[in-house]
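K.L.:
Below are the structure tokens for one structure; questions will follow.
The values are calculated or read from the model by the stated rules, or taken from the named source; none is laboratory data. What you are looking at is a predicted structure, and each value in this text was computed from that prediction instead of being measured. We place every Cβ from the backbone using ideal geometry, glycine too, and count neighbours over all the protein chains shown.
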Amino acid sequence: YKVQIYNGIPSRDKIQALRSGMELPDERRPLMPLEDLEFGIEDKVEEIATLRFNLTEGKYRQIRRMFEYIGHPVKSIKRIQFGLLKLDRDLKPGEWRQLRPKEI
């Protein structure tokens, strides 16, 4: 996923919580951790940070709920890969293409 969040880059403690899996008040079990987490600042004036990460198994609106919980509401979420299949940047919403033999 590629996610833009408000309020800049989270603190080390918050990043560690994202990497290890979080327990939210409305969940019975901890949420899956965010793997291969990378981040950077996209807009210093508005304090918008961009993060890239893998999520093995997401629950209902998990990404939004996790970042909201740590005080960094989500501006946008974009799925950039599904398993080993990297999603095409050129495809617009609703468009599709045939899979290549090596992608099956």
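K.L.:
When region 41-51 is examined, which residues are found to be touching a residue at least 24 places away in the same chain (Cβ under 8 Å) and more than 11 Å from the chain's Cα centre (by Cα)?
P.N.:
I41, E42, E46, E47, I48, A49
K.L.:
Also, quick follow-up: For region 65-98, which positions are of a type in the set (G, A, S) and assigned to a loop (DSSP other than H, G, I, E, B)?
P.N.:
G71, G83, G94
K.L.:
Out of the residues in region 65-104 that are exposed (fewer than 10 other Cβ atoms within 10 Å of the Cβ) and small (G, A, S), state the one that is modelled with the highest pLDDT.
P.N.:
Looking at residues that are exposed (fewer than 10 other Cβ atoms within 10 Å of the Cβ) and small (G, A, S), I get G94.
K.L.:
Consider R19 against the criteria (1) more than 25 Å from R89 (Cβ to Cβ); (2) touching a strand residue (DSSP E or B) at 6+ places or on another chain (Cβ under 7 Å); (3) touching a residue at least 40 places away in the same chain (Cβ under 8 Å): it satisfies all of them except one. Which criterion is unmet?
P.N.:
Unmet for R19, out of (1) more than 25 Å from R89 (Cβ to Cβ); (2) touching a strand residue (DSSP E or B) at 6+ places or on another chain (Cβ under 7 Å); (3) touching a residue at least 40 places away in the same chain (Cβ under 8 Å): (3).
K.L.:
Same structure, new question: Check region 78-89 and report whether any residue there is more than 30 Å from P101 (Cβ to Cβ), in contact (Cβ under 8 Å) with a residue 24 or more places away in the chain and either in contact with a strand residue (DSSP E or B) (Cβ under 6 Å, 6 or more places away or on another chain) or of a type outside the set (K, R) (or both). Step through it out loud before you land on a result.
P.N.:
From region 78-89, those more than 30 Å from P101 (Cβ to Cβ) are none; that's our starting set.
Within region 78-89, none of the residues are more than 30 Å from P101 (Cβ to Cβ), in contact (Cβ under 8 Å) with a residue 24 or more places away in the chain and either in contact with a strand residue (DSSP E or B) (Cβ under 6 Å, 6 or more places away or on another chain) or of a type outside the set (K, R) (or both).
K.L.:
Restricting to region 38-64, count the residues that are in contact with a strand residue (DSSP E or B) (Cβ under 9 Å, 6 or more places away or on another chain), in a loop (DSSP other than H, G, I, E, B) and either surrounded by 14 or more Cβ atoms within 10 Å (Cβ to Cβ) or of a type in the set (F, W, Y) (or both).
P.N.:
So the answer is 2.
K.L.:
A further question on this structure: If only one of E35, E57, E23 is acidic (D, E), within 27 Å of E103 (Cα to Cα) and modelled with pLDDT of 85 or more, which one is it?
P.N.:
That would be E35, the only listed residue that is acidic (D, E), within 27 Å of E103 (Cα to Cα) and modelled with pLDDT of 85 or more.
K.L.:
Criterion first (in a loop (DSSP other than H, G, I, E, B) and among the acidic types (D, E)) does E23 satisfy it?
P.N.:
Yes; evaluated as a whole, the condition is true for this residue.
K.L.:
What are the residues in region 22-37 that are more than 11 Å from the chain's Cα centre (by Cα) and either loosely packed, with under 11 Cβ neighbours inside 10 Å or free of Cβ contacts under 8 Å to residues at least 24 places away in the same chain (or both), if any?
P.N.:
E23, P25, D26, R28, R29, P30
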